[in-house]
Structure formats: structure tokens, C-alpha cells
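The values are calculated or read from the model by the stated rules, or taken from the named source; none is laboratory data. It should be emphasised that the depicted structure is a prediction, and the values quoted were computed from it without experimental measurement. Cβ coordinates were reconstructed from backbone atoms using ideal geometry, including for glycine residues, and neighbour counts include every protein chain displayed. With ligands, DNA and RNA removed, areas are computed over all heavy atoms of the protein, side chains included. Shrake-Rupley method; radii C 1.70, N 1.55, O 1.52, S 1.80 Å.
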Amino acid sequence: MKVKKNRTQLFLFHFAGGSRYSFDFLSPFLGGLDVIALELPGRGNRIKEKLTADFEEAARDFLVQILQSLKHSNIIFYGHSLGALFAFRVSQLLEARNISPKYIVVSGNAGPGITLDKNLNELERDDFVSQLVKLGGIPDAIVQDSESLDFFLPILRADFEIVNQKRLKLEGMINIPIYAIMGDKEETVDEITNWKDFTTAEFQYKVLEGNHFFIYEQAERVAEVIKLFI
């Protein structure tokens with residue numbers, strides 16, 4: 001009798017201002033995976049919950065969601081931008097429980113200790129919005145709709161406060177392979193190999209064409225990396 005193989009669980013960590021719906025554009029390319037999109041409070045299906053601006057609190061929130069959804073040990077993580085740092089930190093928390101993802105895929109982030117010299121959440125409204133537009137992570141439809149903008153700005157400010165609070169000085173290593181992806185127009189792309197200093201396991205990386213949100217134009221190629229080792 002053929003033994004049925006456990007279907008790999010893919011946990012997705014959204015970027016600043018994101019929600020469980022942020023990776024819907026990847027869905028068509030993730031066939032064969034059991035996809036679980038994680039979500040911090042104050043957005044999406046958790047809109048009635050209080051926002052958090054504390055990195056460690058947010059990481060432990062993600063940890064709880066994963067433990068509640070975990071079916072077996074055959075899991076992988078993918079996080080973009082701020083979500084990449086959460087994927088790393090939650091991997092540390094899981095390893096402390098003797099649970100390890102097979103590997104993690106991180107994008108739009110050169111890793112712990114590499115930050116842009118921008119405290120975006122401290123900017124006045126117009127300057128804050130202007131910087132977000134430059135990053136490419138906020139749709140024109142929202143920018144041009146003041147009501148929608150008023151709704152999303154508190155979420156974005158809370159998430160960028162997380163980015164700035166420690167300048168995210170994450171320490172320690174994981175014994176889990178890391179595969180990093182960045183856009184060739186990102187400011188810190190030349191430092192992508194910084195990630196290798198945070199794993200005792202295999203490290204690989206790829207640079208694709210695009211800016212910080214290259215993932216939208218390169219969705220199929222990002223998915224190919226995510227599914228590389230399943």
C-alpha cells in the first residue's frame with residue numbers, strides 16, 4: 001500500500017502594512033503546498049484587535065498562530081521585507097521547541113543588522129506617504145483615496161515602528177537553510193549575503209530584476225524558489 005506523504009505546510013509572513021491577503025498574487029504558483037497566510041492584529045481578519053508595535057510581541061503572536069496550525073514537521077517559511085525578519089525570529093523560537101522548518105525563504109531584506117537610514121514612522125503624513133510610494137508598496141488607488149489612506153496609515157506606522165525600535169538587532173543563528181532573494185534596484189541588495197552569517201546550514205541567494213516590491217512582477221520565479229526543496 002502506498003503511504004500518503006504529508007503535504008508541505010508553507011507559512012507566509014507579510015510585509016509592513018500587509019495582511020493575510022498580501023500574498024494572494026502568489027497563490028496561482030503555489031500548487032501542491034498547504035499555504036497558511038499569517039497575520040498580525042489590527043488588519044485583515046483581525047481588524048478589531050489592537051495593533052502591536054513591539055517586534056518580540058509580534059513574533060510570539062506569529063508563533064502561536066503557527067503552533068495552532070501545525071499538522072506535522074514538514075514546514076517551510078517565506079517572509080518579505082519585515083516579514084523576512086519575522087520568519088527568522090520565529091524560526092529561532094521554534095528551534096527552542098525542537099521544531100524546525102526545512103528551510104526559510106526571505107526576500108526584500110538583506111538580513112539582521114542591515115537597515116536603511118530612514119525612520120519612516122517619524123515622518124509627517126505627506127512625507128511618510130511619499131516614502132511609501134517610492135518603496136512601491138502602497139497602491140495608487142489607496143494614495144488617492146483619503147479615507148482608505150486614513151485607514152491604512154496607522155497600520156503602516158505601527159509596523160514601521162517595529163522596524164525602527166531596535167533597528168532590529170537580531171542576534172544568534174539558526175540551523176536551518178536560508179534562501180534570500182532581492183530586487184536588483186533595492187538599496188541594500190549588495191549586502192544580501194549578510195544572511196549567511198545567521199545560519200549554520202546552507203545559504204543560497206538570488207537577485208531578480210525590480211525594486212523592493214519586485215515580488216509582484218516576479219511572482220512565478222519567487223514561487224519557484226519557495227518550492228525548490230519540497
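Each residue in region 91-111 was checked for being assigned to a helix (DSSP H, G or I) and among the hydrophobic types (A, V, I, L, M, F, W, C), and 2 of them qualify.
Would you confirm, using the coordinates I've provided, whether residue 78 is in contact with a strand residue (DSSP E or B) (Cβ under 6 Å, 6 or more places away or on another chain) and hydroxyl-bearing (Ser, Thr, Tyr)?
So residue 78 fits the description; yes.
Going by the conditions given, is residue 164 in contact (Cβ under 8 Å) with a residue 24 or more places away in the chain and open to solvent by 70 Å² or more (accessible area, probe 1.4 Å)? So residue 164 does not fit the description; no. Based on what the data block shows, is residue 88 open to solvent by less than 10 Å² (accessible area, probe 1.4 Å) and among the hydrophobic types (A, V, I, L, M, F, W, C)? Yes; evaluated as a whole, the condition is true for this residue. Among the residues making up region 119-137, those that are part of a loop (DSSP other than H, G, I, E, B), farther than 26 Å from residue 179 by Cα and modelled with pLDDT under 80 are 119, 123.
A quick yes/no check of all residues on (1) under 15 Å from the mean Cα position of the chain (by Cα); (2) among the polar types (S, T, N, Q); (3) not in a helix (DSSP H, G or I):
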{"residue": "25", "(1), (2), (3)": "yes, no, no"}
{"residue": "32", "(1), (2), (3)": "no, no, yes"}
{"residue": "66", "(1), (2), (3)": "yes, no, no"}
{"residue": "73", "(1), (2), (3)": "no, yes, yes"}
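If we scan region 186-208, do we find a residue that is at pLDDT 95 or above, over 24 Å from residue 89 (Cα atoms) and hydrophobic (A, V, I, L, M, F, W, C)? Yes, region 186-208 has at least one match.
Listed conditions (1) open to solvent by less than 20 Å² (accessible area, probe 1.4 Å); (2) in a helix (DSSP H, G or I); (3) without any contact (Cβ under 8 Å) to a residue 24 or more places away in the chain are all met by residue 57, apart from (1).
Scanning region 207-217 for any residue that is part of a loop (DSSP other than H, G, I, E, B), hydroxyl-bearing (Ser, Thr, Tyr), over 28 Å from residue 29 (Cα atoms) and open to solvent by 20 Å² or more (accessible area, probe 1.4 Å) turns up nothing. In region 167-176, is there at least one residue being open to solvent by less than 80 Å² (accessible area, probe 1.4 Å), more than 17 Å from residue 14 (Cα to Cα) and either of a type in the set (Phe, Trp, Tyr) or out of contact with any helix residue (DSSP H, G or I) (no Cβ under 9 Å at 6 or more places or on another chain) (or both)? Yes, some residue in region 167-176 is open to solvent by less than 80 Å² (accessible area, probe 1.4 Å), more than 17 Å from residue 14 (Cα to Cα) and either of a type in the set (Phe, Trp, Tyr) or out of contact with any helix residue (DSSP H, G or I) (no Cβ under 9 Å at 6 or more places or on another chain) (or both).
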